[in-house]
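The structure appears below as structure tokens.
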Amino acid sequence: MGSPENINADKLYDVIVVGGGPAGLTAALYLARAKYRVLVLEKMYFGGQIAITHEVVNYPGIERTSGAALTDTMRKQAESFGAEFLLAEATAFDFAGDIKTVRTNQGDLYCFGVLLAIGAHPRTVGFKGEEEYKGRGVAYCATCDGEFFTGKDIYVVGGGYAAAEESVFLTKFARHVTILIRKDDFSCAASVADQAKNHEKITILPHTVMEEVSGNNGLNYARYKNTATGEVTEVKCPAGESFGVFVLAGYAPDTEVLKGAVELNEQGYIVTDTTRKTNVDGVYAAGDVCIKPLRQVVTAVSDGALAATELERYAAELQRKTGLRPVQPEAKPAGENDRAVTTLTEAPTGTSDLFTPEMKAQLDSVFGKMARPLLLKLYLDNRPVSRELEEYMTALADLSEKLTVEIAEHEASSEIAPCVRICLADGTETGLAFHGVPGGHEFTSFVLGLYNVAGPGQMLDEDTRRRIAEIKAPVDAKILVSLSCTMCPDLVQGVQRIAAENPYVTGEVYDIHHFEALKKRYQVMSVPCLVINDEKVSFGKKTIQQVLEFMGV
């Protein structure tokens, strides 16, 4: 626990919200509007799981939108009232006493109250081959990975809302979709289930479980069983063909870090009362991490609003008791927050109308913090995507005197181009590069790379900095991504933060859609994919600590 006399006032908040999904964003809006200083701490991407949902049609008052658009509006609303945002991972908590400590990979933070809105992660099922073929035929995100299975058959494991809705989405790519439901029917609303049941490209198999998958260069064998009749079905593809398996079986709570800190039930969900208060004074929970019969955006925002109003009263009481009053920063229009470096708006994937006024304001904030100029060196070929990269980088450099563009004299090979390498002003390479055009979800990652190389860079805790410094042998890290994937940026940012800190490490990002040879070489059917020294391959999002572990540090 921090004591009043040794706490940096800049790191003291009325409330810290751990988790940037709908519940956390709603709580931040309520608290900031009530003039409390609130920080939203998020380790992955603001928006939560709903951000990867391509279509939301059951949120009251909004006829039709995407999950990303809905949560981006929520974030902007909270930011406009003065809420602060930080991309960092909470690693431990000390809830004892009046002033609570939230330990993160970017240092300790202090507050009167805490809202735990940390959400959940995709649940694994456990059939044979699931872990072995993850990223090579077994996937968990239809939005991120659906296009990898264009023209192929897809099997969906699950019977809830996600399985029904995402199966319909997958028909855009698949030749046919077969849904394996463990029970006799879907467990979600009939309006959602009926879309899958009535779709001509979808077959539904109730009382059915996946038992095994295997293959070579993708999945070409599966075995599933009807638990009601005992009938076993084997699927074998002809030579050269493959299929995909999407596990869409719900989510498990991300509460490992909370064991011993608050009361959890047997499944790992946080136990709360009707006001969303935990068993610890000043600590509340909201959203999917709570015990509840319905986990949707509408219940998440309800939880966030309820917990926030309780935390308002708690923070006011602690202000009186301690004599401390965290000063809320002046409310600014969305996009002008001092923490804009971690909340950049997603960039378009095309080159028309490249940067909106809001994006320019955010970029100006980042460039203003950069300590030294950089050179963006372009390696191009004769493909249209190379011309797009040149236009994109030229437009970016026009926004700041700290950026200069230089085009390599000779045309680059298709294994490299198009590529932008981030160099110091004298041409010295920093080890960071993007192959393709860093738009979409990788825009923020690219700008953070510039900021980390130019200095001062994102804060690192001493243990992480020490581990990075221990790397004394060359590490070539390739990150294969898709610009539509919301899970890729965290891995990219982790690898490139390490590369910016240690000259032995290179972190090169490849938009997999422009590098078919890499896709085949590493048998990539899911993103993100991390390749270390052309030997070790891993799929899925990772924090900077998990990246270091994979590197063997």
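The values are calculated or read from the model by the stated rules, or taken from the named source; none is laboratory data. Since we're looking at a predicted model, the values are computed, not measured. FYI the Cβ positions are ideal-geometry reconstructions off the backbone, even for glycines, and counts take in every protein chain you see. The accessibility values were calculated without ligands, DNA or RNA, using every heavy atom of the protein model including side chains. Shrake-Rupley method; radii C 1.70, N 1.55, O 1.52, S 1.80 Å.
Among residues that are open to solvent by less than 10 Å² (accessible area, probe 1.4 Å) and either in contact with a helix residue (DSSP H, G or I) (Cβ under 6 Å, 6 or more places away or on another chain) or among the small types (Gly, Ala, Ser) (or both), Ala23 is included.
Within the stretch 468-487, at least one residue is part of a helix (DSSP H, G or I) and more than 20 Å from the chain's Cα centre (by Cα).
Each residue in the stretch 234-260 was checked for being surrounded by fewer than 18 Cβ atoms within 10 Å (Cβ to Cβ) and either of a type in the set (D, E, K, R) or over 23 Å from Tyr140 (Cβ atoms) (or both), and 9 pass. When Thr464, Thr444 are checked against the criterion of being polar (S, T, N, Q) and open to solvent by 10 Å² or more (accessible area, probe 1.4 Å), Thr444 stands alone in meeting it. You will find that of Glu391, Glu401, the residue that is in contact with a Pro (Cβ under 9 Å, 6 or more places away or on another chain), farther than 29 Å from Ala28 by Cβ, modelled with pLDDT of 60 or more and open to solvent by 70 Å² or more (accessible area, probe 1.4 Å) is Glu401 and no other. When the stretch 261-294 is limited to residues that are of a type in the set (D, E, K, R) and open to solvent by 40 Å² or more (accessible area, probe 1.4 Å), the one that is nearest to Gly146 (Cα to Cα) turns out to be Asp288. Tyr59 fulfils the conditions (1) of a type in the set (Ser, Thr, Tyr); (2) within 23 Å of Gly250 (Cβ to Cβ); (3) in contact with a Phe, Trp or Tyr (Cβ under 7 Å, 6 or more places away or on another chain) except for a single criterion, (3). Among the residues of the stretch 250-286, those that are under 23 Å from the mean Cα position of the chain (by Cα), in a loop (DSSP other than H, G, I, E, B) and over 18 Å from Arg313 (Cα atoms) comprise Gly250, Asp254, Thr255, Gly268, Tyr269. Among the residues making up the stretch 211-249, those that are among the hydrophobic types (A, V, I, L, M, F, W, C) and under 28 Å from the mean Cα position of the chain (by Cα) are Val213, Leu219, Phe243, Val245, Phe246, Val247, Leu248, Ala249.
Report whether or not Glu200 is in contact with a Ser or Thr (Cβ under 9 Å, 6 or more places away or on another chain) and farther than 17 Å from Tyr140 by Cα. Yes. Could you tell me whether Ala307 is in contact with a strand residue (DSSP E or B) (Cβ under 7 Å, 6 or more places away or on another chain), under 23 Å from Glu89 (Cα atoms), at pLDDT 95 or above and open to solvent by less than 60 Å² (accessible area, probe 1.4 Å)? Judged against the criteria, Ala307 is a match.
Only one of the numbered conditions (1) under 27 Å from Glu516 (Cβ atoms); (2) open to solvent by less than 20 Å² (accessible area, probe 1.4 Å) is violated by Asp476, and that is (2).
Scan the stretch 183-233 for residues that are of a type in the set (Asp, Glu) and surrounded by fewer than 14 Cβ atoms within 10 Å (Cβ to Cβ) and jot them down. Quick ask: steps written out before the conclusion?
Within the stretch 183-233, the first condition is being of a type in the set (Asp, Glu), and the residues that meet it are 184-185, 194, 200, 211-212, 231.
Hits for the stretch 183-233 are Asp184, Asp185, Asp194, Glu200, Glu231.
Of all the residues that make up the stretch 364-382, how many are aliphatic (A, V, I, L, M) and over 14 Å from Tyr392 (Cα atoms)? Steps first, answer last, please.
So in the stretch 364-382, the residues aliphatic (A, V, I, L, M) come out as 366, 370-371, 374-376, 378, 380.
If we keep only those that are over 14 Å from Tyr392 (Cα atoms) as well, we get 366, 370-371, 374-375.
Residues that pass the stated criteria total 5.
Test Ser352 against the stated conditions and say whether it is at pLDDT below 90 and more than 23 Å from Ile512 (Cβ to Cβ). Yes, satisfied.
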